[in-house]
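Throughout, read-outs are computed from the coordinates displayed, never taken from laboratory work. Keep in mind the model is a prediction, meaning the values are calculated, not measured. All Cβ positions, glycine included, derive from the backbone under ideal geometry; neighbour counts span all protein chains shown.
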Ligand SMILES: [Zn+2]
């Protein structure tokens, strides 16, 4: 009885043949437009129809909603290709363990919804989130909630749990009598890593992330590390991911870890402090991207040095040298911050100032977070530039970011998919 009556009600309320509403047209009148691909134009109208950009520079169609940004600089929505929405800062191992031991995954997911809202309001309309740090597949759930309009947030490209072999990743150091949470999915052996990749793809991974190395140390003037997986395991991991249409991000800090990740065929190198000329040449030749995550290194260095690991301060200097070489040789450097490795109360746009201080022009820094970042994601047709056909992901700042890159820390307008989320 009851289900049938509900059904009848639903039919009354929702007529099946409702005509589709015509797409809403919005015009952004931009005083200046940085298109994300190096182009600069003044006094441009960006015509948005539905969730995509229809045209540039055209007259506003009659009846269109006009948003006046004539005293602002418009640019594509920013993309951060290395975040952890389920982490809230882990300067020391104790900070990290505290979150995994004392916060439930539902609670961490609630905090993640605050993190993604913060990211969007700061102008980041797309994130590649590089593992949940023990929170299982909660990144997939946050992505689903954003896509269904339950919570506001960026477009999410998620990697779920990351992979590392037994004994190489926190939580470590507890009594063997205790079963404590793992910060990754532990996988061993060729069959083990293939099965783990399949499982992550099954539950929604867009990318596969793995930890190529740990234990960083200096020897003969170079930053070295212990490599986590055997070559056979790492190659199987990358091969299985590629077979299933997923790309692979490798955490690799020391030169040993980077070299192993490049041997295995990883698509992006994360952190990469130990990059030298030889490794840089391989990356250029193979088109491997680098997310240097500079700000987080500087941010955690003091705390980690105080906790007995001074190597983190040396690594800041090494990365700056590696950055200069990589920039000169033409490595594709993508914006990636490791936000979540530091608290979400820090604006992830602070990375821009480091990119410029380390040698990029402001325009190069902007492209690293727009067109270059979109290319890393394989999303050039949708994201990373303000052009007809792209998603209407557009942000604006009141100042001149080509003069002062820190203007990007003060985004005053955010549109994602044609919807306005912020307008100061
Ligand atoms: Zn990270």
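Could you give the length gained on full extension between residue 305 and residue 202, defined as 0.36 nm per residue of separation minus the Cα-Cα distance, in nm?
That pair, residue 305 and residue 202, stretches by 33.1 nm at full extension.
Where is the GNM fluctuation largest for the chain (alpha-carbon springs, 10 angstrom cutoff): 51, 59, 133?
59
Using 0.36 nm times the number of residues separating residue 243 and residue 214, minus their current alpha carbon distance, what extension gain do you get?
7.7 nm
Please give the residues of region 154-191, grouped as numeric ranges, whose backbone N is less than 17 Å from a label point set 7 Å along the Cα-to-Cβ vector of residue 94.
So the set is 172-174.
Pairing the Cα long axis of helix 277-286 with the longest principal axis of the chain, what angle in degrees results, from 0 to 90 and rounded to the nearest 10?
Between helix and principal axis, roughly 40 degrees.
Inverting the mean 1/r over all pairs of different Cα atoms, compute the Kirkwood radius of the chain and quote it in Å.
22.4
Just want the ordering: 232, 240, from fewest to most Cβ atoms lying within 10 Å of their own Cβ.
In order of increasing Cβ crowding within 10 Å: 232, 240.
Need the full-extension length gain, residue 402 to residue 423, defined as separation in residues times 0.36 nm minus the C-alpha distance. One decimal, nm.
Length gained between residue 402 and residue 423: 5.4 nm.
Using a 10 Å cut-off around each Cβ, can you sort 225, 55 from fewest to most neighbouring Cβ atoms?
Going from sparsest to densest Cβ surroundings: 55, 225.
Evaluate the distance, in nm, between pseudo-label points positioned 7 Å from the Cα of residue 285 and of residue 412 along their respective Cα→Cβ axes.
Result for the modelled spin labels: 5.0 nm.
Using just the Cα positions, wrap region 165-234 in a convex hull and report its mean projected area in square nanometres, one decimal place.
Result: 6.3 nm².
Could you tell me how many degrees, from 0 to 90 and to the nearest 10, lie between the Cα long axis of helix 2-13 and the main elongation axis, the longest principal axis, of the Cα atoms of the chain?
The angle comes out at about 60 degrees.
What's the center-to-center distance, using Cα atoms, between region 360-389 and region 49-88 in Å?
13
Please give the Cα centre distance for region 286-314 versus region 191-240, rounded to the nearest Å.
19
Calculate for the chain the 222 nm mean residue ellipticity that helices alone would give, adding -39,500 (n - 2.57) per DSSP H run of length 4 or more and normalising by residue count, nearest 500 deg cm²/dmol.
Computed ellipticity for the chain at 222 nm equals -10500 deg cm²/dmol.
Could you list log10 I(q)/I(0) for region 26-100 at q = 0.12, 0.13, 0.14, 0.28 Å⁻¹, which the Debye formula gives when each Cα is one point scatterer?
Debye output, listed in q order: -0.51, -0.54, -0.57, -1.30.
In nm, to one decimal, how far is the residue 55 label point from the residue 177 one, both placed 7 Å along Cα→Cβ?
Label-label distance for residue 55 and residue 177, simple model: 7.6 nm.
If the elastic network links every pair of Cα atoms under 10 Å, which of 120, 275, 56 fluctuates the most in the Gaussian network model of the chain?
Checking each option, the largest mean-square fluctuation is seen for 56.
With the chain treated as a Gaussian network of Cα nodes joined by springs under 10 Å, which of 391, 107, 216 yields the largest mean-square fluctuation?
Most flexible of the set in this elastic network: 107.
Treat the count of other C-beta atoms within 10 Å as a stand-in for reagent exposure and order 85, 146 from fewest to most.
Exposure proxy ranking, most exposed first: 146, 85.
Once both axes come from the Cα atoms, what is the angle between helix 138-147 and the longest principal axis of the chain, in degrees from 0 to 90, rounded to 10?
10
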